[in-house]
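Novice: Right, I'll just put the structure down here and ask away after.
Quick note: the coordinates plus some simple rules give every number you see, no bench work behind them. Computed from a predicted model, the values in this text were never measured in an experiment. Reconstructed Cβ throughout: ideal geometry from the backbone, glycine too, with neighbour counts over all protein chains shown.
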Amino acid sequence: MIIGLDFDNTLICYDELFHRLAMEAGVACPASGASKRAIRDLARRSPGADATWQRLQGLAYGPRIQEAHLFPGLRDFFERCVQEHADLVVVSHKTEYASDDATRTPLRTAALDWMDRQGLFHFAAGVLKRGSIHFCASREYKVARIRELGCTWFVDDLEETFLEPNYPREVRGIFFAPEGPRGIPHRPEILWAESWEKVAGHVFAD
Ligand SMILES: [Mg+2]
C-alpha cells in the first residue's frame, strides 16, 4: 500500500503561526480566530488586502516555517504505517519561491528542513524516505505525479486536488478537513477525515 500525502495544511499546521504573524503585522489581536482561514479573511479586510495576505504567506512558508507544527495525531499515524508496512510519499504543489518574500527563502528546501527537524525521517524511518518527497510546480503536475507513483490513497486538505480532470480514479481520496468539510459541494466518492486518527480509520479499515 502506498499512501500519498499533501504537505501544506495536511502535514504541517500553520494556524498558530499565521495568527502570530498577523498580530505582528497589526491585522489580528489575541482574541482573533487562530485558523489560517480566519487570518486570511482578516488580512484581506486590512488596508493592504491581498498584498498583506501574500506577505504573511511568504513569511509562513519561507523564513518563519520552523515555527509551524506537525498536525496532532500524525506521529501515531506514521507509527501505524510502520507496523502495517505501508509506504508513504509526499506530493506537494509548491513553487520555488514565494511571490512576496524579501528574504528569497527557497520554499522547498525550507519544507524539507522542517520535516527533518520534526524528526519525520526518524520516527517514520523505513516508510518515509527523503527521496519520497516530491514538489510540483502546478496542481496538474501534482496529480500526474500521484498517478505515476501508483498511490493507493491520497490525503489532501484541498478537495480541488481530487476534482482535477486527470486525477486517477483508482486512487482513493481522503479530504483532510480539520474544521469539517465546507466550501465546494462534497463528492460522495471522496472520503473525508477531520483528524489523522480518522484517516487511519479509513486507510486501515480492513
Ligand atoms: Mg495543502
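Novice: Gain in length, GLU160 to PHE123, computed as 0.36 nm per residue apart minus the alpha-carbon separation, to one decimal in nm?
Specialist: Details: separation 37, 0.36 × 37 = 13.32 nm, distance 3.04 nm.
The GLU160-PHE123 span can extend by a further 10.3 nm.
Novice: Right, something else. Name all residues of segment 67-90 having a backbone nitrogen under 14 Å from the label point set 7 Å from the Cα of THR152 along its Cα→Cβ direction, giving them as ranges.
Specialist: Only 80-89 fall inside the zone, counting backbone N under 14 Å.
Novice: From the phi of every residue in segment 128-141, what ³J(HN,Hα) in whole Hz does the Karplus formula 6.51 cos²θ - 1.76 cosθ + 1.60 yield, where θ is phi - 60° and glycine or proline is x?
Specialist: Computed from phi, the couplings for segment 128-141 are 10, 10, 4, x, 9, 9, 10, 10, 10, 7, 8, 5, 4, 5 Hz.
Novice: Compare the Cα positions of PRO47, PRO63, SER35 along the charge dipole of segment 15-67 (+1 at Cβ of Lys, Arg; -1 at Cβ of Asp, Glu; about the Cα centre) and return the one farthest towards the positive end.
Specialist: The listed residue farthest towards the positive side: PRO47.
Novice: Right, here's the next one. May I ask you to list the residues of segment 95-126 whose amide nitrogen lies under 16 Å from a point 7 Å from Cα along the Cα→beta-carbon direction of ALA51?
Specialist: 99-102
Novice: If the elastic network links every pair of Cα atoms under 10 Å, which of CYS13, CYS29, CYS81 fluctuates the most in the Gaussian network model of the chain?
Specialist: Comparing CYS13, CYS29, CYS81 in a Gaussian network model of the chain, the most mobile one is CYS29.
Novice: Helix-only estimate, please: 222 nm mean residue ellipticity of the chain, summing -39500 (n - 2.57) across DSSP H runs of length 4 or more and dividing by its residues, to the nearest 500.
Specialist: Details: 9 runs with 81 residues, N = 206.
Result for the chain, helices only: -11000 deg cm²/dmol.
Novice: Rounded to the nearest 20 debye, what is the charge dipole size of the chain about its Cα centre when +1 sits on each Lys and Arg Cβ and -1 on each Asp and Glu Cβ? Walk me through the numbers before you get to the answer.
Specialist: Values: 25 positive and 30 negative charges, 73 e Å.
Computed charge dipole of the chain: roughly 360 debye.
Novice: Here's another thing I want to ask about it. Most mobile of HIS69, HIS93, HIS186 per a Gaussian network model of the chain (Cα springs, under 10 Å)?
Specialist: It is HIS186.
Novice: Taking the chain, how many lysine pairs are there with alpha carbons less than 23 Å apart, if each pair must be eight or more places apart or span two chains?
Specialist: Details: LYS36/LYS94; LYS36/LYS142; LYS36/LYS198; LYS94/LYS129; LYS94/LYS142; LYS129/LYS142.
Taking the chain as the scope, the lysine pair count is 6.
Novice: Please work out the FRET efficiency for the pair ARG104 and GLU67, using the Cβ-Cβ distance as r and a Förster radius of 22 Å; give the result to the nearest 0.05. Walk me through the numbers on the way to the answer.
Specialist: On the way: r = 19 Å, r/R0 = 0.86.
So the FRET efficiency works out to roughly 0.70.
Novice: Follow-up question, since we're still on this one. Can you give the FRET efficiency for GLU79 and SER138, using 1/(1 + (r/R0)^6), R0 = 30 Å, r = Cβ-Cβ distance, to the nearest 0.05? Intermediate values should be presented prior to the final figure.
Specialist: Working: r = 33 Å, r/R0 = 1.10.
Between GLU79 and SER138 the formula returns 0.35.
Novice: Pick out, from LEU120, TRP192, SER138, the residue whose Cα sits farthest towards the positive end of the charge dipole of segment 118-196, with +1 on the Cβ of Lys and Arg and -1 on the Cβ of Asp and Glu.
Specialist: Selected residue: LEU120.
Novice: Further, regarding this structure: Would you mind ranking THR105, THR52 so that the residue whose beta carbon has the fewest other beta carbons within 10 Å leads the list? Numbers along the way, then the final one.
Specialist: On the way: THR105 17, THR52 21.
By the 10 Å Cβ count, ascending, the order reads THR105, THR52.
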